[in-house]
Amino acid sequence: KVYVACQSMLIVLVGAVPEYHIDQEGIPTSRAELGKHIHFADNFTSIVTEASTSWYLIEQEAYKVSLASSLFFAGLLIGNITFGPLSDKLGRKPVYISGLFFDVVFGYVTALAPNYDAFAVSRFFVGIVNGGMALVSFVLTQEYVGKSFWSFTGSLTNLTFAVGIAVYALLGYCVREWRYLALVSNTPGVIFLLLSFMLPESPRWLYSQGKTAEAEDVLQYIALGNGKERLNLKLKPSAGTLRKDESAPGILNLVKHPVLRWQTIILMYIWYVCSFVYYGLTLNAGELRGNLYLNVALSGLVEVPAFPLCMFLIEKSWSGRRKTMACFLIFAGFACIFTMFLPTNAGLLLSPTLLALCGKMMVSAAFNIVYIYTSELYPTVLRNAGLGVCSMSCRFGGILAPFVPSMKSLSPSVPFVVFGISGLSAGFLTLLLPETLNKPIAESIEDLQSPKYQVLKNEEAE
């Protein structure tokens, strides 16, 4: 996730626009002539300052920085749609390693791009493999451990992403030339790629595919790695094992089954709102003046307190996943709406910016929970497909969020009202979903029809 964060945040520093001025001794008539008259003030380089006739992304060409960022998010959208179903059919490990390999390759293409067009295309392909690989790696991490650890591993994974943003800011502070920064931030991917070959396949995926012998081998490998004695382990055949004449479950199963259909619709909206409010608050309340690198680091570190809070609340029987996520979304919504009642010149404790940052922390917590909650709601055979569809709707929220600040022309409070209503609606819709705390994980679609997946487990009865 540290590597994923560096790739996701790359454009923030690589596309930064330093202060500049253009000589008044004559108006440049071409891009080549512009290079002789423009002077950049800051002590770092970016794609904006690249000394080439196809770069100099200022004035009429400034939109290309945002375009490269949009292409990356468009790639994430495609990666979320394609990699999930692929890993459900082909396996988690091969799809994850393939995605990480191409992520590293296209990352180096980004750093060595001879012109803007090559840079923009490489960012699009990085988005595809980065988004898909990150999704599969999250599911793979969850499926290595027992369900009682899912909240911990899920929170730790998302916490590492936030820390990765701060790590990238530190790299940017130390490496001021954008090509070297792109190379340095991409190189850890090579190390992680080599280490990933040591990982076993997901035992849950093997079991869901009827490969019980291979699943047993992986469980033995994990047990020995944990210092346990060799287990006398024998798995029962999975109820959802496919016959040879049956096709593997796909995205259409999310629509065909009524329970999965309504859950998917609600989850897609919740994911969309989490992304929409999170990125929207970042643009509205997180625009800190001062050091560029410090601001980037703070944008990640401000999320850190949300994760231990999540881990504590979602494991309590009186709160669980559903109520905790609903409360965080509702509190984020109220925080946004209450900003419209505070004067802009109020003190620090009553400033709209501080309240909006509190809202950002709350929606960050909800974002963390929705990953864990969604992975528990879907059976193993459809887990990646379900997460992929939900992540797809999440990207639409990220794409639309930058347009909301322009609504300030109507009234300064309008953007916060939009974010507030979105958070409140998603919070109340969350209450329609079933609770997953202390419930077994469904391996197949058939498992969802079993009574034991509809009620909480009774540990004494077991």
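The values are calculated or read from the model by the stated rules, or taken from the named source; none is laboratory data. Model, not experiment: these values are computed from the prediction. Here the Cβ is made from the backbone with ideal geometry for all residues, glycine too, and neighbour counts use every protein chain on show. Quick note on the areas: whole protein, heavy atoms, side chains included, nothing else; ligands and nucleic acids left out. Shrake-Rupley method; radii C 1.70, N 1.55, O 1.52, S 1.80 Å.
A few points about this structure:
- Surface per residue (accessible, 1.4 Å probe) for segment 88-223, Å²: 39 Å²
- Cα-centre dipole for segment 66-160 with unit charges at Cβ (Lys and Arg positive, Asp and Glu negative), debye to 20: 200 debye
- Solvent-accessible area of residue 110, all protein chains in place: 0 Å² (probe radius 1.4 Å, heavy atoms, ligands and nucleic acids excluded).
- Computed over neighbours whose Cβ is under 13 Å from that of residue 233, the net charge equals 0, Lys and Arg +1, Asp and Glu -1.
- Heavy-atom accessible area ranking, 1.4 Å probe, most first, across 389, 418, 48: 418, 389, 48
- Residue 256 accessible area, assembled protein chains, probe 1.4 Å, Å²: 140 Å²
- Sum of side-chain charges, residue 371 neighbourhood, beta-carbon under 15 Å (Lys, Arg +1; Asp, Glu -1): +3
- Phi-derived couplings, Karplus 6.51 cos²θ - 1.76 cosθ + 1.60 at θ = phi - 60°, listed residue by residue for segment 210-227: x, 8, 5, 5, 5, 4, 4, 4, 5, 5, 5, 4, 5, 4, 5, x, 8, x Hz, with x used for Gly and Pro.
- A simple count of charges around residue 158, restricted to other residues whose Cβ falls under 10 Å of its Cβ and scoring Lys, Arg +1 and Asp, Glu -1, yields 0.
- Segment 123-170 versus segment 174-202: alpha-carbon centroid distance in Å: 14 Å
- Computed on protein heavy atoms with a 1.4 Å probe, the accessible areas place 180, 279 in the order 180, 279, largest first.
- Subset of 147/323; 147/211; 211/323; 89/323; 211/439; 93/360 violating a 28 Å alpha-carbon distance limit: 211/323; 89/323; 93/360
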